[in-house]
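The values are calculated or read from the model by the stated rules, or taken from the named source; none is laboratory data. Note that the coordinates shown come from a computational prediction; the quantities given were computed from them, not determined experimentally. Note that each Cβ is placed from the backbone with ideal geometry, even for glycine, and that neighbours are counted across all protein chains shown. Heads up: the accessible areas ignore ligands, DNA and RNA and are worked out on the full protein's heavy atoms, side chains in. Shrake-Rupley method; radii C 1.70, N 1.55, O 1.52, S 1.80 Å.
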Amino acid sequence: MTRLSTAKRQKILDLYHPVNGESLSLSEIARHVHCDRSTVRRVLQRVSSSGKLNYNIHPKGQPCILSKQDLRELHLAIDRGSVLDAMDAQREITPHASARTVRRRLAENRAAWTGATAEATSQEVKFGAAQSSDEGCEGLGVKEWQLVVFSDESQFDLFPTSGRQWCRRRKGKAHYPRNIIPRVPAGGGKVTVWGCITSRGVGRLHRIIGTMDAKMYRNILEESLLGTLHDHRLSPKTIIFQHDNDPKHKSHLVQEWLEKQNILVLPWPSSSPDFNIIENVWAHIKMRLERYRPRPRNVEALWRVVQKLWYEVDISFIQALYHSLPGRVKTVKGRKGGNGDS
């Protein structure tokens, strides 16, 4: 359907109802205005019925399957990074519409979507700029915390040298091999790992061999952090990365790499394990490792078991930890910075 400007509509009226002289036929008017004869006739009919040149054309057909509320939810989800693309958005938010429809409507609303993205980005900057203190994090809800990727290092000993372990046995069988924990100096070997968690599940687990310096840490982030984001279909621009104030983490080499990747870093106060929910994941794995049978007898076997237990962590356990964060902040504030029970 040809859409004519108001000026061309006025010209059609002037030629059809001239002040002086005879009016032209529809075909002659069409040649003067450079349009179809049917378009001329339609303009005359609509001006006659509406009484104005700037009439609105309401196309007939099936109403849009996506409502304004659907579009708002789609824009919000994309801005927050909870969905990666149109197909992901259709699957998670608007299953009643096709991915093609979602992609087309987002393209039609490109200007509005761009504005919404800029606003969400400024909110993320405010999130990152807010110190992880009482007032800085108190107003953050679960959805804001779900933007954060928590990370940390942990150590697993082959034969733990501290703490009592219990077993169920019959009388007279206390010294059976299966009821004895081998004791060797310094634990007999250990496995040190770096890991991270997202609101969508655990990330990649990286084994640290030797002493970790800034260069090794940067390589870990490049391989395992970016790999985690790829696995969970997350963009570096849509997440907020958390790591503690270890000198290696704060080195110029690492900071420069994070800036190059456009990864926003959450400022982190010293000695704040109550906020880092990955500590609960480490504790969960160590508890399962103590009960694991058969026990690993060497470091390589220990590494395999730790990997197995890490990737078996249930997503519901991770989500429960993220949902606990607003309460943790409230608890720490109530204790004026003291340790919480979570």
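If a residue must be β-branched (Val, Ile, Thr) and closer than 10 Å to Val149 by Cβ, how many such residues does region 230-250 contain?
Taking region 230-250 and keeping what is β-branched (Val, Ile, Thr), we get 238-240.
With closer than 10 Å to Val149 by Cβ added as a condition, the list becomes 239-240.
The total comes to 2.
Conditions (1) under 19 Å from Leu205 (Cβ atoms); (2) in contact with a helix residue (DSSP H, G or I) (Cβ under 6 Å, 6 or more places away or on another chain); (3) surrounded by 15 or more Cβ atoms within 10 Å (Cβ to Cβ), marked per residue:
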| residue | (1), (2), (3) |
| --- | --- |
| Leu234 | yes, no, yes |
| Gln242 | yes, no, yes |
| Trp257 | no, yes, yes |
| Met287 | yes, no, no |
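I'd like to know if region 316-330 contains one or more residues that are modelled with pLDDT of 90 or more, in contact with a Pro (Cβ under 6 Å, 6 or more places away or on another chain) and buried (at least 17 other Cβ atoms within 10 Å of the Cβ).
The answer is no, given that none of the residues of region 316-330 is modelled with pLDDT of 90 or more, in contact with a Pro (Cβ under 6 Å, 6 or more places away or on another chain) and buried (at least 17 other Cβ atoms within 10 Å of the Cβ).
Every residue, every condition in (1) out of contact with any Phe, Trp or Tyr (no Cβ under 6 Å at 6 or more places or on another chain); (2) loosely packed, with under 13 Cβ neighbours inside 10 Å; (3) among the hydrophobic types (A, V, I, L, M, F, W, C), yes or no:
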site	(1), (2), (3)
Gly195	yes, no, no
Ala214	yes, no, yes
Ile220	no, no, yes
Leu225	yes, no, yes
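Taking region 20-44 only, how many residues are open to solvent by 50 Å² or more (accessible area, probe 1.4 Å) and touching a residue at least 24 places away in the same chain (Cβ under 8 Å)?
So the answer is 1.
In region 289-315, what residues are among the polar types (S, T, N, Q) and open to solvent by 60 Å² or more (accessible area, probe 1.4 Å)? Outline the logic, then answer.
Of region 289-315, the ones among the polar types (S, T, N, Q) are 298, 307.
Passing the criteria: only Asn298.
Are there helices (runs of 4 or more DSSP H) fully within region 28-142 with at least 3 residues that are at pLDDT 75 or above and out of contact with any Phe, Trp or Tyr (no Cβ under 6 Å at 6 or more places or on another chain)? List them. Let's see the steps before the verdict.
Values: elements: 37-50, 68-80, 86-92, 99-108, 110-129, 134-137.
Answer list for region 28-142: 37-50, 68-80, 86-92, 99-108.
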